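The values are calculated or read from the model by the stated rules, or taken from the named source; none is laboratory data. The shown structure was predicted, so the numbers you read here are calculated from the model rather than taken from an experiment. FYI the Cβ positions are ideal-geometry reconstructions off the backbone, even for glycines, and counts take in every protein chain you see. The protein model used for the area step is the full one, side chains on, heavy atoms only, and it has no ligands, DNA or RNA in it. Shrake-Rupley method; radii C 1.70, N 1.55, O 1.52, S 1.80 Å.
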Amino acid sequence: MRAGASAPNKPAPQTDARLGRIVRLLSDHATVVVSGTKVAAEIGSSRSEVWRLVQQLRELGVDIAGHPATGYSLTSMPDLLLPDILAPLLQGTIFGKSIHHYYKTGSTNNLAMEAASAGAPQGSVFLAEQQTAGRGRGANQWHSVRSAGIYGSVVLRPALAPSDVLILALAAGLAVHAAVKEIDSRLAPDLKWPNDVLIEGKKVCGILAEMNAEVTSVRYVVIGIGVNVNQASFPADLQSSATSLRLATGSEWSRVELCAALLKSLDREYRGLLEEPDAHNSILRRFQERSSTVRGAQVHVEENGGFEGVTEGLDARGFLQVRTPQGVRTVLSGTVRPR
Ligand code: BTN
């Protein structure tokens, strides 16, 4: 997640939609063997093409038994973030209609920003099994190994002034916090301003909110979310600062379940923000309740050459206030490190 400038984003093909349709068909008939002829008819391809696609699914880690002569069956439910698997779970949200999946890409934030600039609708979701140039805040990289985490970005088109967009980033942190708690209520995630989610002081989720705006109005916002889900270990330089939900709980998590819970939770926060007069204040209040460092913590802020002080909560727009010997300072974007 830390260090170094990111490599350029190489264009990569979107995952063949027929892969998702095969997985959906086999999971809808989970107890039986489905003939190659039936699979071919359902996805409108030849049996030999089905065989080729089944091989691709196996490379993605999907356990499929069988071959063209015997037919196919799923040995276990795959945990891939495929549109055909996620869309039914996201019905009724803004995120269920336009889900794009990539086996490997540079950065889902780059994909979402490019798509938004070309007119992608609000609610478009870009998910990757692996990122080769995952970006963090500042010039950091985001460690994005294959199928261990959730690497996703969503396109929003809120009627907000650019100066009010921070509240969306805070809401995204709250959404991840709620999704994690929904799946395992024993966990005690902590929010670190502006939107890191920590467990026992180590980062389990980072959020990169980017926007394209005129001076007075936002064209689009992309919220990129990286969650460390099933990583069994981290590179040496991240071991002291990063953890995964698997490391925190001792068992594997379903990325599909968490991703759906997270997007549903983000949908609730976002709709609330657009529709409910008190939502803005509610986000500020809940963020402060769920963060151990936003008030009364001794911190070092990496901004304007760095300064130290004690946190004093959030201002009306969501910026962190820090009391220093020279008075209260507003943190605009710098990394905040508890001392
Ligand atoms: C941070 O804490 O520094 C933010 C990390 C954000 C990582 C996510 S992973 C999905 C999306 N694509 C990116 O390139 N970055 C975000």
Could you work out the relative contact order of segment 33-123? I mean the mean sequence separation of Cα pairs under 8 Å and 6+ apart, divided by the number of residues, in percent. 21 percent
With the chain reduced to its Cα atoms and the Debye formula applied, log10 I(q)/I(0) at q = 0.10, 0.16 1/Å amounts to -0.61, -1.42
Can you give me the Kirkwood hydrodynamic radius for segment 88-237, using every pair of distinct Cα atoms, in Å to one decimal? 15.9 Å
Rounded, prolate or oblate for segment 227-339? Axes are the square roots of the Cα gyration tensor eigenvalues, ordered a ≥ b ≥ c, and the cut-off for rounded is a/c under 1.5. oblate
Burial-style ranking of 111-122, 327-338, 139-150, average other-beta-carbon count within 10 Å with highest first, yields 139-150, 111-122, 327-338
So, for segment 190-339, what is the accessible surface per residue at a probe of 1.4 Å, expressed in square angstrom? 46 Å²
For segment 1-112, what value does the Rg/Rh ratio take when both radii are computed over Cα atoms and Rh is the Kirkwood radius, given to two decimals? 1.04
Relative contact order of the chain, defined on C-alpha pairs under 8 angstrom at six or more residues apart (%): 14 percent
GLU275 and SER27 label points (each 7 Å along its Cα→Cβ direction) are spaced in nm at 2.7 nm
Which value in Å is the Kirkwood Rh of segment 28-75 over different Cα pairs? 10.6 Å
